[in-house]
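See below for the structure under consideration.
The values are calculated or read from the model by the stated rules, or taken from the named source; none is laboratory data. Small disclaimer: the values here were computed from a predicted structure and weren't measured. Reconstructed Cβ throughout: ideal geometry from the backbone, glycine too, with neighbour counts over all protein chains shown.
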Amino acid sequence: MSLPHPRVAALAAMPNLVSLFLARADELGEAPFLSARRDGRWQSLSWAQVADQVCLLAQSLRALGLNPGDRVALVSENRPEWCIADIAIMAAGLVTVPTYTTNTERDHLHILENSGARAIIVSNPKLAQPVLAAALHAPCAEHIIGIDPLRQQQAGTLAFHDWASLTQGDPTAFPTSLDAKTARAHVEQRMAGIGREDLACIIYTSGTGGSPRGVRQHHGAILSNVADAATILAEDFALGDEQFLSFLPLSHAYEHTGGQWLPIGVGARIAYAESLEKLASNIEEVRPTIMVVVPRLFEVLRMRIIKQIEKQGRFPVWLMDRALAIAARRQDSGHTRLLDRPLDALIERTLRPKVRARFGGRIKALVSGGAPLNPDVGLFFEAMGLTMLQGYGQTEAGPVIACNRPAAGIRMDTVGPPLAGAEVVIADDGEILVRGELVMHGYWHNDAETARAIRDGWLHTGDIGHIDDHGRIKITDRKKDMIVNDKGDNVSPQKVEGMLTLQPEIAQAMVSGDRRPYIVGLIVPDAEWAMEWSVENDAPHDLAALHQLPAFRAAVRVAVDRVNQNLSVIERVRQFALADEPFAIANEELTPSLKIRRHKIRERYGARIDALYKS
């Protein structure tokens, strides 16, 4: 039996997240750590440079008069300064309150008032506008720190501060000059009194329904997650010089733990993607070894890859179909059949290298989380030679509860076995319950919701599932999202929606049918397919106009009927309506982690959905 990786073995003894970071910074020194594309090229900060900025910023925050336990809101796109700010807030003995860049003024106000944040770190003038408007109405807010220079408007009692001064030990910001070595000594003295049970951050759930609630994540919850995930990397993927590409919002618990603290835990480098539009080119430039992504992005990438293969001719399409068949048989049996090996070797030499090249050519694992992954999507990437690990969890549990791993046998219809630090049982009604250090200490200032979520030490996840013969968790649905029709039959909306969005004609879908005689759907047609259809049928190149054409609706109907052939009678979508525009974060119909917000969609399209039962 091989010895555990030294960095992984040391994680269990770490008292807090800041001590973990400082230990890695001492070990790796001038090695590159954080990088971003600026002025047309990738620029890096070393571990030592980041450590100096963290310690100086921590002391600057205390010099502003912030006291132990005070909350600091962090509003920024993914960039090196996000990581520096997060660690520095904790190094000051304070509590990070990450917020989404897509938040409205109302959202910011709710979080500021609920958390009682006394300071706000914001990245740029555009993001500062709704934050400042909210801060003026939040009596708790006192300090605004702009990462990029902010125009200091007439802002009442709010005091403005410059990021550069606070991270460089500017003498004008302190009663006496401060250097990084002295700041480090202050941080180490402070961290000696911070343990795994102490509060690290308050992460507000993205809110698929109702107002966001603040999840109290302690240092131990994140450290436990990092140690368990790092063990999987070390045991199943030969942990080495790892490169992460950070894309999902760092204000989401999944990216915060998996895309920031896990890389810190294993001593990896982090590059920050520029945008969704530039993600593909960023992947090829950065050549990551690990990527943490939500299922929706995988669905989009799958469709793009299929279309590119189809353009190459019949032989590549035939190879793709054979690869999918081989992958399906391998998943069922646990090995590649002898008869499949020659063809599998041909696919390995021809098709798969081209697909892997789109991901930089060094990917060890693509980790999917934040929402359920359709098994067909996972199987596709496995067939293309990319290891896909579906994880499962929620903000209230670190957030990772379980993850597929090669050592346990990957099955795409499961989320893998629980992490070592997660004790999981299935309640009598099928609900998944979790216990362990990873579980939150409760919701911030919300004892009633805390009591509903945690009972007798067990976190009630609200997810329905079971554990298979190999110890892997299989999620069947959300307890609160389950559709119960007028005959008492249960229907999983996520299953039906997932099958619909795999069709090339359909980009997004939401199905309904609670206490109704049958299932109906609200569908967003795929824009690229719709434009191609309009050209082929000499129709207007306008989505709104296309929606009115019976022939266009009939083409969408073909896709729905194709799905219905593989559904039971009670699951079939009998009627559908077309949405006016895509579900998006901007119209509040998607969460920042790209999950549909059912209550918002129903508010907008309720009458249209109800009319489907009258036609």
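Some observations on this one:
- The lone criterion from (1) closer than 12 Å to GLU396 by Cα; (2) modelled with pLDDT under 90 left unmet by LYS487 is number (1).
- From the list ALA507, ALA530, ALA539, the lone residue that is in contact (Cβ under 8 Å) with a residue 40 or more places away in the chain and at negative phi is ALA507.
- Only a single criterion out of (1) hydroxyl-bearing (Ser, Thr, Tyr); (2) within 30 Å of LEU20 (Cβ to Cβ); (3) free of Cβ contacts under 8 Å to residues at least 24 places away in the same chain is not satisfied by THR157, namely (2).
- In the stretch 39-58, the residues that are over 16 Å from ALA271 (Cβ atoms) and in the same structural domain as ILE89 (by TED's automatic domain parsing) form Cβ pairs under 7 Å with partners that are in a helix (DSSP H, G or I) and of a type outside the set (A, V, I, L, M), at six or more places apart or across chains, as follows: GLN53/THR167; CYS55/ARG184; LEU56/THR167; LEU56/GLN168; LEU57/THR167.
- The set of residues in the stretch 302-324 being among the hydrophobic types (A, V, I, L, M, F, W, C) and either touching a residue at least 12 places away in the same chain (Cβ under 8 Å) or under 20 Å from HIS256 (Cβ atoms) (or both) consists of MET303, ILE305, ILE306, ILE309, LEU319, MET320, ALA323, LEU324.
- Exactly one residue out of THR395, THR387, THR350 is within 30 Å of VAL439 (Cα to Cα), surrounded by fewer than 19 Cβ atoms within 10 Å (Cβ to Cβ) and not hydrophobic (A, V, I, L, M, F, W, C), and it is THR387.
- Residue count, the stretch 525-566 (criterion: part of a helix (DSSP H, G or I) and at pLDDT below 90): 2
- Qualifying residue in the stretch 64-72 (condition: surrounded by 17 or more Cβ atoms within 10 Å (Cβ to Cβ), touching a residue at least 40 places away in the same chain (Cβ under 8 Å) and either assigned by TED's automatic domain parsing to the domain that holds LEU262 or charged (D, E, K, R) (or both)): yes
- Here PRO98 does not qualify as surrounded by fewer than 23 Cβ atoms within 10 Å (Cβ to Cβ) and under 26 Å from LEU276 (Cα atoms).
- Residues that are buried (at least 18 other Cβ atoms within 10 Å of the Cβ) and on the phi > 0 side of the Ramachandran plot, drawn from the stretch 510-527: GLY513
A quick yes/no check of all residues on (1) part of a loop (DSSP other than H, G, I, E, B); (2) more than 27 Å from THR501 (Cβ to Cβ); (3) free of Cβ contacts under 8 Å to residues at least 60 places away in the same chain:
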| position | (1), (2), (3) |
| --- | --- |
| PRO372 | yes, no, no |
| GLU382 | no, no, yes |
| ILE401 | no, no, no |
| THR414 | yes, no, no |
| ALA420 | yes, yes, no |
| VAL425 | no, yes, yes |
| ILE432 | no, no, yes |
| LEU438 | yes, yes, no |
| THR450 | no, yes, yes |
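- Per-region count, the stretch 16-35, residues in a helix (DSSP H, G or I) and either of a type outside the set (Gly, Ala, Ser) or at pLDDT below 95 (or both): 9
- Screening SER251, SER275 for residues that are surrounded by 15 or more Cβ atoms within 10 Å (Cβ to Cβ) and either of a type in the set (Gly, Ala, Ser) or not assigned by TED's automatic domain parsing to the domain that holds PRO417 (or both) leaves exactly one candidate, SER251.
- Residue check for GLN494: surrounded by 18 or more Cβ atoms within 10 Å (Cβ to Cβ), modelled with pLDDT under 90 and within 21 Å of the chain's Cα centre (by Cα): yes
- Residue match in the stretch 396-404 (condition: of a type in the set (A, V, I, L, M), under 22 Å from HIS218 (Cα atoms) and more than 21 Å from the chain's Cα centre (by Cα)): no
- Among the conditions (1) closer than 23 Å to ARG405 by Cα; (2) in contact (Cβ under 8 Å) with a residue 24 or more places away in the chain, the only one that ASP469 does not satisfy is (2).
- Residue satisfying all of: in the stretch 425-444; crowded, with 23+ Cβ neighbours inside 10 Å and of a type in the set (Val, Ile, Thr); farthest from ALA227 (Cα to Cα) among these: ILE432
- Selection status of ASP477, free of Cβ contacts under 8 Å to residues at least 40 places away in the same chain, of a type outside the set (Val, Ile, Thr) and within 23 Å of PRO372 (Cα to Cα): yes
- Any hit, the stretch 173-183, residues being touching a strand residue (DSSP E or B) at 6+ places or on another chain (Cβ under 8 Å), modelled with pLDDT under 95 and outside any loop (DSSP other than H, G, I, E, B): yes
- The listed residue being under 21 Å from the mean Cα position of the chain (by Cα), of a type in the set (A, V, I, L, M), surrounded by 22 or more Cβ atoms within 10 Å (Cβ to Cβ) and at pLDDT below 90, out of LEU373, LEU366: LEU373
- The number of residues in the stretch 280-301 that are more than 24 Å from PHE33 (Cβ to Cβ) and β-branched (Val, Ile, Thr) comes to 2.
- Residue within the stretch 36-57 that is within 21 Å of GLY421 (Cβ to Cβ) and either under 25 Å from the mean Cα position of the chain (by Cα) or assigned to a helix (DSSP H, G or I) (or both) present: no
- Among the residues making up the stretch 116-168, those that are assigned to a loop (DSSP other than H, G, I, E, B) and within 30 Å of the chain's Cα centre (by Cα) are GLY116, ALA117, ARG118, SER123, ASN124, ALA138, CYS140, ALA141, ILE147, ASP148, PRO149, LEU150.
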